[in-house]
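For reference, the structure discussed in these notes is given below.
The values are calculated or read from the model by the stated rules, or taken from the named source; none is laboratory data. Quick caveat, the model's predicted, so the values are computed rather than measured. Here the Cβ positions follow ideal geometry from the backbone for every residue, glycine too, while neighbour counts run over all protein chains shown. These area figures cover heavy atoms from the full protein model, side chains too; ligands, DNA and RNA do not enter into them. Shrake-Rupley method; radii C 1.70, N 1.55, O 1.52, S 1.80 Å.
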Amino acid sequence: MRLSIRNFAQIESADIDFGNAGDLTLLVGQQATGKSLILQWLKLVSDPLTIRTDWERFGSNWRTDQLRPLDLFFGEGLGIGYRAGLTSIKLDGQEIRLKTLFNRPSGRKITQDTGPVETAYFIPAHRALLLTDGWPRNFQQHVPGTPYVARAQSERLARWLSDAGTSIFPIANKLPKELRDLFDQAIFHSATLNVDRSSPQSRLILKANQNGAPIPYMAWTAGQREFVPLLIALYELMPSGGNARLQKQGEASIQTVVLEEPELGLHPKALFAVGVGILHLLARGYRVVVSSHSPLMVDFAWALNRLRIAKSHGKASISDFLRAFDLKSTRSNKDLAGTLGSTHARTYYLSYSQVKRIEGMAPLVHGKDISSLQTYSSDPDKSSWGELLKYSSSLAEVIGQLDFDFSSLTEKELAS
């Protein structure tokens, strides 16, 4: 799956190959380089009829003019980023036209029960904002201007929690045991996550021990608040039953999982656990797309590619995959590692051009494929992994060039 964007908002050009089932794609770049816009375009062109159905179900006024759907989808005022005659959006080489994007086949009316089938599952950034005092808001309860992906995921969380039992984490039949253990050790630390239904308004609570007082939502760590909506998404995406995927109408419909900024609020140990969760999604056949500001996420892409290449030359085995991702040598993990041997990982860097084409005009964003991730490359974008390593490498280089032997100092002298 390849998405091409030209002249939308601050993006002058971006060509992103999202690969096939079981492939990983990373988008990196500074703030406001359009990573979220690209991911939202991926959702929009994947599921236009699902989006239209939601708008009609919740009474959104989307038909007033050509740009109104874009305002509703991206957020109020962002529709003007689409410039008639200049903006071009292509999916697998096919031009996407706003006039026909939301048309139903032959004008057929689609009901909630008969379709359409969603193909892209979007987990937005700032997940803590989806919850109010520990409970998600419904689609229509969000303030005007809230992007569709946030509204839709909030509605999905509300439905899931309304149907759930009292216990939310841990649950024996939810997620592989190794993954539950990682999340417990890195994020919950033996605390349990439950639904408190004793008050008029249901709410999520943490309990440090069985007899301890409940910990209200605003007293959770920032990482816990960001992680819980992601946890529930993983519950949906990884139903019990081996390598099963999320189903609708009896079929596994979701092909692509989009995850924005998984690192929000998380310590590297917790983010590594999320990275292992991403490996499980890949092994189930999802195409996974991640935007991130964390070098650790790029480390996962780097390792997956290097291991796949080495394996193709007979120089890497399943045990190497297990050691790389700190996985125990269990049958399920060996199966997981065996599947990852065919995963292709791509990394794209979004950056502002340093050349202003018109005097007084702000620089525009270009996308660049840096999938080789060569730290020894002559291309600074590749060697710095899209600037993620730039500043730590620069600091290390300066210190390394000093005419001083730091190894001769004691720990006390180094810390003084």
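A cut-off under 12 angstrom between Cβ atoms defines the neighbours of HIS293, and their net charge, with Lys, Arg +1 and Asp, Glu -1, is -3. About its Cα centre, the range 104-212 has a charge dipole of approximately 340 debye under the convention of +1 per Lys or Arg Cβ and -1 per Asp or Glu Cβ, with nothing else charged. In this simple spin-label model, placing a label point 7 Å from the Cα along the Cα-to-Cβ direction at both ASP15 and LYS90 gives a separation of 0.7 nm. Computed from backbone phi with θ = phi - 60° and the Karplus coefficients 6.51, -1.76 and 1.60, the 3J(HN,Hα) list for the range 378-389 is 6, 7, x, 5, 7, 5, 9, 6, x, 6, 5, 9 Hz; x is used for glycine and proline. Taking the centroid of alpha carbons for each part, the range 119-185 and the range 363-416 are 37 Å apart. Distance between the 7 Å Cα→Cβ label points at HIS344 and ASP405: 5.1 nm. Using the Cβ-Cβ distance between SER416 and TYR391 with R0 set to 30 Å, the FRET efficiency from 1/(1 + (r/R0)^6) comes to roughly 0.75. Solvent-accessible area per residue in the chain equals 49 Å², computed with a 1.4 angstrom probe and all protein chains kept. Phi angles of the range 123-136 translate, via the Karplus equation with coefficients 6.51, -1.76, 1.60 and θ = phi - 60°, into HN-Hα couplings of 9, x, 6, 6, 5, 4, 6, 6, 10, 10, 6, x, 8, x Hz per residue; Gly and Pro are given as x. In the neighborhood of THR347, defined by Cβ-to-Cβ distances under 10 Å, what is the net charge if each Lys or Arg adds +1 and each Asp or Glu adds -1? Charge balance near THR347 sits at +2. In the chain, helical runs assigned H by DSSP with n ≥ 4 each contribute -39500 (n - 2.57); averaged across all residues and rounded to the nearest 500, the mean residue ellipticity at 222 nm is -10000 deg cm²/dmol. Could you tell me which of rounded, prolate or oblate describes the range 296-416, using a ≥ b ≥ c as the square roots of the eigenvalues of the alpha-carbon gyration tensor, with rounded for a/c under 1.5 and, failing that, prolate when a/b is larger than b/c and oblate otherwise? It is oblate, given that a/c is not under 1.5 and a/b is not larger than b/c.
Per residue, the average separation of C-alpha pairs within less than 8 Å and at least 6 apart gives the chain a relative contact order of 21 percent.
Backbone amide hydrogens, once placed in the peptide plane, bring LEU26 within less than 5 Å of VAL290, ARG346, THR347, TYR348, excluding anything fewer than 5 places away on its chain.
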